Amino acid sequence: MKRLIYCLSGMCIVLLTSYDLLAQEENNPLLYSYQAVMFGDQNTSHDPATLVMPGTAYASGFSSYLENPASAAFFDKSFGSFGLAFRSVDESVRFIDRHTSMDDNQTGISNAGFVYRFPAEQGSLVIGAGYSQHSFYNRALSISGRNENSSITDQFKIPGSPYGDIAFSTFAIDSGDEIGDWDESIFRVGFDQYGDFLGINQEGEITERGRAGDYSAFMATEFLQNIMVGASVGIRSGRYHYGRTFLEIDEPNFYDGTVIDSNDDGQPDTNIDNILMRDDIRSNFTSFVAKVGTIFRVNPNLHLGASYTFPTRMTVNEEFDARIVSEFNNGVSFEDDLATEFTYRITTPARISFGAALVDIGGLTISGSAEYVDHSRTRIDFDADLFEDERIENNLISDTYRDVWNLRGGAALALSDQVTLRGGYGIRPSKFRNIDFTQEQFSGGIGFKISENTRLDISAQYTMWDEPQSSVYELGVYDYSPLPDNTPSISTSSEFASRDVNRLQVMASIRFNIK
């Protein structure tokens, strides 16, 4: 338990440092998983129809209830739905004046469920249940180059770093002076001048994967003439994985001195050749979620809608493990690892959505929505013995994130009873107060009957954005001026990469009428 608290405290320090940097100037995708859980790409995927056509004021597809459960009142038939999704991300990265690229992909179920419309001569009463995926985490970063400024081992020496113990036992860091009261990167010891650094070759890959969706039951009815109301309840469930593999290798053999005692005989006999680090974070999270909504049918062709998603309290179970392997010039190697588990809770803010739709005007339907969410109202809840860390985290969230309006619009043209074409556009403003990585989304699709009671829908969405400053790793920077009388002071910074991100998702679903 003591080791768990120590590692957790170290992780919190890294998180606090990352948030502080992020609040100043950067998008840091390398925070631990609660950033992804809290601020992931929500409402970017449902089913092929709602991927293009917002459902706040229009029943575009099975998963319209995710945006407004009242939309289900407009379904004129009972049906079942099943869909699959393919997602691919390609990232072009510039790091230390070198360009690299990496891609990654995921496949899975996008939706599965049913809708039942009760027979009624007037009005409507519709119920349904199923699973709809609404969020995914899909990132891929690759770097390669020679770094003359810093090493990832500069992260390990930050006081309280979760990597500190295993980095010291594998000689990735060593005592900065003879007293041993502060640590330094192994690539910065053994020189006449404190902190000298000859550079290091770096290779790294960072991936983020995961998804989240709701298992829901919903109901909608025409409460009064032309006024639809609806509600849904469900369990939100998801998982997230962050993986980083990082290799530093002294290819020119600049570090050829004898500063490491590899055989523990009291005499230094070798120096570092390469260091390999691998760390992984795996999270599973669940919460209860509830929504209500209404749609006013102004006339047969004009709908106005609004919905409200209640704040959710999410439980996150997280596993963190890391391994460092160091190999020396004489062939000797050392390795060590750590593994911890932790549970915490997140309260996510409410979401309010407004929408309008022009329905079936000469076969043309246009639907739009504007969703408001204040990300700064997100709160994290640690255990009581970490109350101070919790308070600092929540203050940083309030200062770093902001409220946004996510805008979407789409149009569908029924060429006949058999074929419908769709196209749409969306913009998702940056969640951060001081940095801009606004996402633009372009989507299109087609739906057509394959039999009297069966319909196939296929859609694709392309999303792009830039991240001018994305942290690859944190690093500690010493001010050596007080030496040798006092321990040097340390400040924190970050090693950056710039990223151009292009993401594609393709969805297909079968909809079959239930008689």
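The values are calculated or read from the model by the stated rules, or taken from the named source; none is laboratory data. Since the model is a prediction, treat every value here as computed from it, not as a measurement. Note that each Cβ is placed from the backbone with ideal geometry, even for glycine, and that neighbours are counted across all protein chains shown.
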Of those in the range 387-404 that are in a helix (DSSP H, G or I) and touching a residue at least 60 places away in the same chain (Cβ under 8 Å), the residue surrounded by the fewest Cβ atoms within 10 Å (Cβ to Cβ) is Asp399
Output for Cβ contacts, cut-off 8 Å, separation at least six or different chains, first residue free of Cβ contacts under 8 Å to residues at least 24 places away in the same chain in the range 489-515, second surrounded by fewer than 18 Cβ atoms within 10 Å (Cβ to Cβ) and part of a loop (DSSP other than H, G, I, E, B), reads Ser489/Pro482
- Message: Against the definition (modelled with pLDDT under 90, touching a Ser or Thr at 6+ places or on another chain (Cβ under 7 Å) and crowded, with 19+ Cβ neighbours inside 10 Å), how does Ile260 come out, yes or no?
- Response: yes
Here, strands (runs of 3 or more DSSP E) confined to the range 240-354 with at least 1 residues that are under 20 Å from the mean Cα position of the chain (by Cα) are 272-299, 312-328, 333-348
Selection from the range 357-386 of residues under 29 Å from Gly447 (Cβ atoms) and either assigned to a helix (DSSP H, G or I) or within 24 Å of the chain's Cα centre (by Cα) (or both) yields Ser369, Ala370, Glu371
Considering the range 53-63, residues that are small (Gly, Ala, Ser) and modelled with pLDDT under 95, and then whichever is nearest to Glu222 (Cα to Cα), we arrive at Ala59
The residue from Tyr462, Tyr425 that alone is aromatic (Phe, Trp, Tyr) and in contact (Cβ under 8 Å) with a residue 40 or more places away in the chain is Tyr462
Review point. Given the structure, is Ser443 at pLDDT below 85 and buried (at least 20 other Cβ atoms within 10 Å of the Cβ)?
Key: no
All conditions in (1) without any contact (Cβ under 8 Å) to a residue 60 or more places away in the chain; (2) part of a strand (DSSP E or B); (3) of a type outside the set (A, V, I, L, M) are true of Glu178 except (2)
Pairs returned, first residue in the range 259-272 that is over 22 Å from Glu248 (Cα atoms), second residue that is aromatic (Phe, Trp, Tyr) and surrounded by 13 or more Cβ atoms within 10 Å (Cβ to Cβ), beta-carbon separation under 8 angstrom, 6 or more apart or interchain, are none
**Message:** Considering only the range 243-257, I want to know if a residue exists there that is in contact (Cβ under 8 Å) with a residue 12 or more places away in the chain and closer than 30 Å to Arg297 by Cα.
**Reply:** no
In the range 51-80, anything out of contact with any His (no Cβ under 6 Å at 6 or more places or on another chain), within 17 Å of Ala112 (Cα to Cα), crowded, with 24+ Cβ neighbours inside 10 Å and of a type in the set (S, T, N, Q) is listed as Ser60, Ser64
Discussion item. Any residue that is among the aliphatic types (A, V, I, L, M), in contact with a strand residue (DSSP E or B) (Cβ under 6 Å, 6 or more places away or on another chain) and at pLDDT 95 or above - is there at least one of those in the range 360-368?
Written reply: yes
Only one of (1) in contact with a Gly (Cβ under 9 Å, 6 or more places away or on another chain); (2) among the hydrophobic types (A, V, I, L, M, F, W, C); (3) without any contact (Cβ under 8 Å) to a residue 40 or more places away in the chain does not apply to Leu456, and that is (3)
Here the qualifying pairs (Cβ atoms under 6 Å; residues six or more apart or on different chains; first in the range 130-156 and without any contact (Cβ under 8 Å) to a residue 60 or more places away in the chain and among the β-branched types (Val, Ile, Thr); second crowded, with 24+ Cβ neighbours inside 10 Å and not in a strand (DSSP E or B)) come out as none
* To do: Return a yes/no flag: does the range 344-360 have any residue that is in contact with a Leu (Cβ under 7 Å, 6 or more places away or on another chain), in contact (Cβ under 8 Å) with a residue 40 or more places away in the chain and within 30 Å of Asn226 (Cβ to Cβ).
  => yes
Asp500 vs (1) farther than 27 Å from Ile366 by Cβ; (2) more than 21 Å from the chain's Cα centre (by Cα); (3) part of a strand (DSSP E or B); (4) among the charged types (D, E, K, R): all pass except (2)
Within the range 183-236, the count of residues that are more than 30 Å from Ile260 (Cβ to Cβ) and either of a type in the set (D, E, K, R) or in a strand (DSSP E or B) (or both) comes to 28
Checked the range 97-114 for anything among the aliphatic types (A, V, I, L, M) and in contact (Cβ under 8 Å) with a residue 60 or more places away in the chain; matches are Met102
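Let's see how each residue does on (1) within 24 Å of Glu319 (Cβ to Cβ); (2) touching a strand residue (DSSP E or B) at 6+ places or on another chain (Cβ under 7 Å):
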residue	(1), (2)
Asn253	no, no
Thr258	no, yes
Gly266	no, no
Asp279	yes, yes
- Examine the range 185-195 for a residue that is surrounded by fewer than 23 Cβ atoms within 10 Å (Cβ to Cβ) and at positive phi, and state whether such a residue exists. yes
Taking the range 446-488 and the residues there that are surrounded by fewer than 18 Cβ atoms within 10 Å (Cβ to Cβ) and of a type in the set (Asp, Glu), the one that is nearest to Leu141 (Cα to Cα) would be Asp466
Scanning the range 405-422 for residues that are surrounded by fewer than 17 Cβ atoms within 10 Å (Cβ to Cβ) and without any contact (Cβ under 8 Å) to a residue 40 or more places away in the chain gives Trp405, Leu407, Ser416, Asp417, Gln418, Val419, Leu421
